[in-house]
Amino acid sequence: MRRKTFDALLTSAGLVLAIVLVAAGGLLLWAHSFVNTQVHDQLAAQQVYFPKAGSESLEDPAVKPYLSQYAGQQLVNGAQAEAYANHYIKVHINELAGGKTYAQLSEESRANPNDTKLAGQVQTAFRGETLRGLLLNAYAFWKMGQIALIAGIAAFAAAGLLLILSILGYAHLRTAPANAEVLPKLAGPTPHTV
């Protein structure tokens with residue numbers, strides 16, 4: 001194969017790949033924007049606020065290091081949702097239930113149907129775990145949006161690199177000898193078959 005043909009094919013493939021990466025980068029940035037907007041709007045509609053600075057809720061050593069930075073703020077993004085779910089709701093459920101899960105409390109309650117205090121703990125644990133699960137879902141989608149942003153930026157960077165290489169490839173085509181081969185034939189006589 002002629003070197004000039006091979007170079008033209010490779011350069012054109014790089015240009016096509018750059019175009020595909022630009023399209024992928026655009027879609028990834030759109031996904032990031034969509035996910036962030038949805039997570040923000042859904043969380044903001046719930047009107048959940050972190051405890052105010054100096055409140056007793058933030059003095060708990062299991063809570064303070066994680067929530068102090070958000071004191072008094074409205075919960076509106078995935079990082080906040082994860083902190084609230086794992087370091088506020090979970091802490092309070094563990095205090096209420098003595099470290100038992102909703103499933104364990106529910107099993108105990110079914111074994112003791114007349115225990116109203118236990119039945120109340122089951123309901124509170126169920127509500128808390130449900131809210132915690134919803135917040136962690138918001139966190140997961142938010143995290144996917146952040147990954148889409150990074151992937152979109154990487155796609156644009158790769159597209160830029162391929163575009164530069166393609167431009168250099170097309171410039172090189174002008175200087176490539178017309179008769180040069182990709183793999184020149186080996187020197188010396190070729191064996192003949194009878």
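The numbers here are math on the coordinates, done by the rules we state, and not lab data. What you see is a predicted model, and the numbers here were worked out from it, not measured in a lab. Glycine gets a Cβ as well: all are built from the backbone with ideal geometry, and neighbour counts include every protein chain shown.
If amide hydrogens are placed 1.01 Å from N in the peptide plane, which non-local residues have theirs closer than 5 Å to the one on Thr101?
The list, which skips near neighbours in sequence, is empty: none.
Just report the Cα centroid separation between region 158-175 and region 7-84, whole Å.
Region 158-175 and region 7-84 have Cα centres spaced 36 Å from each other.
Give me the extension gain from Ile153 to Ile19: residue separation times 0.36 nm, minus the current Cα-Cα distance, reported in nm with one decimal.
Between Ile153 and Ile19, full extension yields an extra 46.8 nm.
Taking only pairs that are 8 or more places apart or on different chains, how many Lys pairs in the chain have Cα atoms under 17 angstrom apart?
Count of close lysine pairs: 5.
Choose one of Ala79, Gly98, His32: the residue whose Cα lies farthest towards the positive end of the charge dipole of region 28-99 (beta-carbon charges +1 Lys, Arg; -1 Asp, Glu; about the Cα centre).
His32
Just going by the charge dipole of region 3-175, with Lys and Arg at +1 and Asp and Glu at -1 on Cβ, which of Thr11, Gln46, Ala158 is farthest out on the positive end?
Sorting the options by dipole projection puts first Thr11.
Which value at 222 nm does the chain reach when only helices count, each DSSP H run of 4 or more adding -39,500 (n - 2.57), with the total divided by all residues and rounded to the nearest 500 deg cm²/dmol?
-23500 deg cm²/dmol
Out of all Cα-Cα pairs in the chain, roughly what percent, to the nearest whole number, are more than 20 Å apart?
The calculated P(r) of the chain puts 72 percent of pairs beyond 20 Å.
If I model region 84-161 as equal point scatterers sitting on the Cα atoms and use the Debye formula, what is log10 I(q)/I(0) at q = 0.19 Å⁻¹?
So the normalised log intensities are -0.79.
Would you pull out the residues with amide H under 5 Å of Glu181's amide H, same chain only if 5 or more places away, H placed 1.01 Å from N?
The answer is Arg3.
Only counting other Cβ atoms within 10 Å, I'd like Glu129, Glu181 sorted with the fewest neighbours first.
Glu181, Glu129
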